[in-house]
1. Largest first, how would Tyr306, Tyr321 line up by accessible area (1.4 Å probe)?
2. Between Rg and the Kirkwood Rh of the range 64-142, both from Cα atoms, what is the Rg to Rh ratio?
3. If packing is taken as the average count of other Cβ atoms within 10 Å, what order do 55-63, 111-119 fall into, highest mean first?
4. Have a look at Leu248, Ser291, Val58 and report the one farthest towards the positive end of the charge dipole of the chain, computed about the Cα centre with Cβ charges (Lys/Arg +1, Asp/Glu -1).
5. Sort 213-219, 236-242, 376-382 by packing, meaning the average of other beta carbons within 10 Å per residue, with the highest value first.
6. Could you work out the Rg to Rh ratio of the range 267-338, with Rh taken as the Kirkwood radius (inverse of the mean 1/r over all Cα pairs)?
7. Indicate the gyration tensor shape class of the range 72-218 (rounded, prolate or oblate), computed on the Cα atoms with a ≥ b ≥ c the square roots of the eigenvalues: a/c under 1.5 is rounded; otherwise a/b larger than b/c is prolate and the rest oblate.
8. Cross-link candidates for Lys42: which lysines have Cα within less than 18 Å, leaving aside residues fewer than 8 places away along the same chain?
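The values are calculated or read from the model by the stated rules, or taken from the named source; none is laboratory data. Predicted model only: the values in this text are computed from it and were never measured. Every residue, glycine among them, receives a Cβ derived from its backbone with ideal geometry; neighbour counts consider all protein chains shown. Note: areas computed on protein heavy atoms with side chains; ligands, DNA, RNA excluded. Shrake-Rupley method; radii C 1.70, N 1.55, O 1.52, S 1.80 Å.
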Amino acid sequence: MTTGIHQAKLSRRAALAAAGTLGALGLTVASGVAGNAAPGTKAPKPALAFRPDGGFKVVQFNDTQDDEQTDRRTIELMDKTLDAEKPDFVVINGDVINGGCDSELEVKQALNNVVQPMESRKIPWAVTFGNHDEDSVARTGMTEARMLQFLQTYGFNMNGDSTEGLTGTSNSLVLVQSAKTKAPAFGLWLIDTGRYAPDTIDGQDFQGYPDWDWVRMDQVTWYRNTSIATEQKYGKKIPSLMWGHIALHEHRNMWFASLDSRTDADHARALTKHSIVGERNEDECPGPINSGLFSAFLERGDVRGYFVGHDHVNTYVGNYYGVQLGYAPGTGFGAYGLSGPERNRLRGARVFELDENHPDIYKDTRLVFAKDLGIDLTANDQPIVPPPLNPAQL
């Protein structure tokens, strides 16, 4: 495992290795689910494909962020969203759990609580990792690498292995095959945005700067090289969406249509210029360094949108120079929300509609809120007793 503060260089050999795995990402994986697999082994994975009518739907949950006594309403929100939307793929986009677990078993229970809504419905799913997922590692020993191994034992988990020498855990590209040609028609990128900035670089600390991590240059190179290799293999650029936990600096730039000025007039101009909809109830919290990832999006021209969480009470989305930048609201009722009695007003999920018959395949995105699903929004905590793990996950 490489940590969020490790600054590895992506060698030519590593880049070629990443490209060489393209055939196994979402297209040639085995269909079916785990049967009587030994505990701790990887389950066979389902293939992703557009439906016969050309449709494909993705649901993004974010910041489920709780311990093994997950708030029951988090699971209710996930259940009701899945039943209403019937997605073809789900991503839990970082901060899957918090630092409240005290043992390896409790970490597994906390993860199990929030993946069972998909597993029980046989919906393929994956996670990205956020800044809080390893907060309990000193007590539990459950690193992201060990969590990944655990999650990969589920029959419908689609997370790829981590790439040796590449910063982050389970940076992945999952390809969705066409219902018409069986060739890849769309890509789903998952990137690990890390946890916290290092204490110092060249003897200089980050006092006065945000202390979150950022996508490292080797990850940007990995995205770029994998994108190029995919285009070369299939003879075309594959339109795609990317999910990562922490916002880019460009999210804030878009909200104000400015680098330096942050006035109401700036935002009013941005609303029209960048077609922004949704709420911004807290400052964006990117890391102190601009990763250059957005510049790579512009160069490659395949990523149609980059979506984040991390800032639980932001829900906005806009078009920033041809790339949608957006948030999904916090899903977890056990994490912070708005202040006072409004705490749970924005609990929800984001839905993405794809259609092979649409000129751009990616049609648009919208939000689903707990308040519209009849879920109790009382500003309190409603923890569950965690159910037992299945034998394959023990």
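1. Values: Tyr306 0, Tyr321 130 Å².
Descending order: Tyr321, Tyr306.
2. Numbers: Rg = 12.5 Å, Rh = 12.7 Å.
That ratio is 0.98, to two decimals.
3. Numbers: 55-63: 24.8, 111-119: 22.0.
Listed from highest to lowest mean packing, they are 55-63, 111-119.
4. Towards the positive end, the residue furthest out is Val58.
5. 213-219, 236-242, 376-382
6. On the way: Rg = 13.3 Å, Rh = 13.4 Å.
On the Cα set of the range 267-338, Rg over Rh gives 0.99.
7. Numbers: a/c = 2.05, a/b = 1.35, b/c = 1.51.
Taking the square roots of the gyration eigenvalues as a ≥ b ≥ c, the range 72-218 is oblate.
8. Qualifying lysines at Cα under 18 Å: Lys108, Lys122.
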